[in-house]
Amino acid sequence: MTLDWISPADRLQALPPYVFARLDELKARAREQGLDLIDLGMGNPDGATPQPVVEAAIAAVQNSANHGYPPFEGTASFRKTITNWYRRRYNVELDPNSEALPLLGSKEGLTHLAIAYINPGDLVLVPSPAYPAHFRGPAIAGGKIHSIILKPENDWVIDLADIPDAVAEQAKILYFNYPSNPTGATAPREFFKDIVAFARKFQILLVHDLCYAELAFDGYEPTSLLEIPGGKEIGVEFHTLSKTYNMAGWRVGFVVGNSRIIQGLRTLKTNLDYGIFAAIQTAAETALQLPDRYLTEVQERYRTRRDFLINGLAELGWNVPKPLATMYLWVPCPPGIGSTDFALNVLQQTGVVVTPGNAFGIGGEGYVRVSLIADCDRLGEALRRLKQANIHF
Ligand SMILES: *Cc1c(COP(=O)(O)O)cnc(C)c1O
């Protein structure tokens, strides 16, 4: 049986094409040939989870009280830890019962939020470039996506004036993300005030992805939507433990903010999953309560790599702006070459993997994203190879 009479549902067909296919194929071939790939393509942190978190998890796994189904809405203790963290970090008061919901990673929540709130045909505002879940979730839900094209001259911050009133009046949800993956851009506090006013005026739900809340450098402190007066009345904010605490494999994150918005997501999830293994929630609590030196260590690690790579690229003629946060450099391609071709060239000639900007939407064309997920020795090797292959501006 070939099953050629069966095809996936329309909602899968509606997904934008997967631009990594060619790159994945070339990566696999290079590996087969035994080539030494330097993979700076993924957003997968290369460090180990802090030891106290691992130890808390081991102890929690030993406790049979954790072996059954966890509560749907997350353990009371983890929710309380989340709201305490918000108070400490942002001076924002949240109700642990209705304004915080643990997630199986933030990607899960970002996507399911779209399914909980978007009807087929509903209009969703999404910047371009953006983290793929911000447009793929709404696409799966059947939403109509209006891309807000971000511009280098506006430092990749959304220009709300670019959204026509007629579009804003139709829109139901706006996804945004500062500090940003993939651009590394940060948005001033003033922008957060403007977007809250905009959302209130046009009655649009704000979904802010604050996954890089802690990966900031040079004294920069990212803004929470919920710190802004009125922010909690109109929006929610997503967090992950994946990046800050090197816990990407553990699958744990959370959403906080407006209780009514969170309720819809909770209802959907009650029908989909049973929540996070309680031992992992215990580990996540430990992570959120770690002394600041753990944070400083992670920040220093990425800051050092950022500076090393930016200086090295400058010697090759590349002028790359210094991001104040995230684990990415957003690098312009040489003139006259598309981002997919450029990424493929770099891979073929050097074995260095970078992500073509168009993977994040058409607004990312002309750029590649370089993840700071290798130590300076490896980054130095990547620079040597780029120089040898004569890849520069
Ligand atoms: C990495 C990343 C996520 C995914 O985080 P998980 O909690 O591991 O699912 C979400 N948003 C952005 C912007 C990211 O870069």
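The values are calculated or read from the model by the stated rules, or taken from the named source; none is laboratory data. Just so you know, these numbers come straight off a predicted model, no measurement behind them. Here Cβ is always computed from backbone atoms with ideal geometry, including for glycine, and neighbour counts include all displayed protein chains. Side chains included, ligands, DNA and RNA excluded: accessible areas come from the protein's heavy atoms. Shrake-Rupley method; radii C 1.70, N 1.55, O 1.52, S 1.80 Å.
At a glance:
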read-out: Condition broken by Cys211, with the remaining ones in (1) near the ligand (Cβ under 9 Å from one of its atoms); (2) open to solvent by 30 Å² or more (accessible area, probe 1.4 Å); (3) farther than 21 Å from Glu73 by Cβ satisfied; value: (2)
read-out: Sole residue being closer than 30 Å to Leu160 by Cβ, touching a residue at least 40 places away in the same chain (Cβ under 8 Å) and not charged (D, E, K, R), chosen from Val236, Val196, Val252; value: Val236
read-out: Members of the stretch 225-283 found to be of a type in the set (A, V, I, L, M, F, W, C), within 19 Å of Phe72 (Cβ to Cβ) and touching a strand residue (DSSP E or B) at 6+ places or on another chain (Cβ under 9 Å), listed by number; value: Val236, Phe238, Val252, Phe254, Val255, Val256, Ile261, Ile262, Leu265, Ile276
read-out: Every residue from the stretch 129-151 that is in contact (Cβ under 8 Å) with a residue 40 or more places away in the chain and either assigned to a loop (DSSP other than H, G, I, E, B) or within 14 Å of the ligand (Cβ to nearest atom) (or both); value: Pro129, Ala130, Tyr131, Pro132, His134, Phe135, Arg136, Ala141, Gly142, Leu150
read-out: Some residue of the stretch 72-81 being farther than 15 Å from Gly275 by Cβ, open to solvent by 30 Å² or more (accessible area, probe 1.4 Å) and more than 16 Å from the ligand (Cβ to nearest atom); value: yes
read-out: Set Val255, Val236, Val196: member being open to solvent by less than 10 Å² (accessible area, probe 1.4 Å), within 27 Å of Leu123 (Cα to Cα), within 11 Å of the ligand (Cβ to nearest atom) and not charged (D, E, K, R); value: Val255
read-out: Only listed residue being basic (Lys, Arg) and closer than 29 Å to Thr244 by Cα, chosen from Arg11, Arg88, Arg31; value: Arg88
read-out: Subset of the stretch 16-45 [under 26 Å from Glu365 (Cβ atoms), open to solvent by 50 Å² or more (accessible area, probe 1.4 Å) and part of a loop (DSSP other than H, G, I, E, B)]; value: Pro17, Tyr18, Met42, Asn44
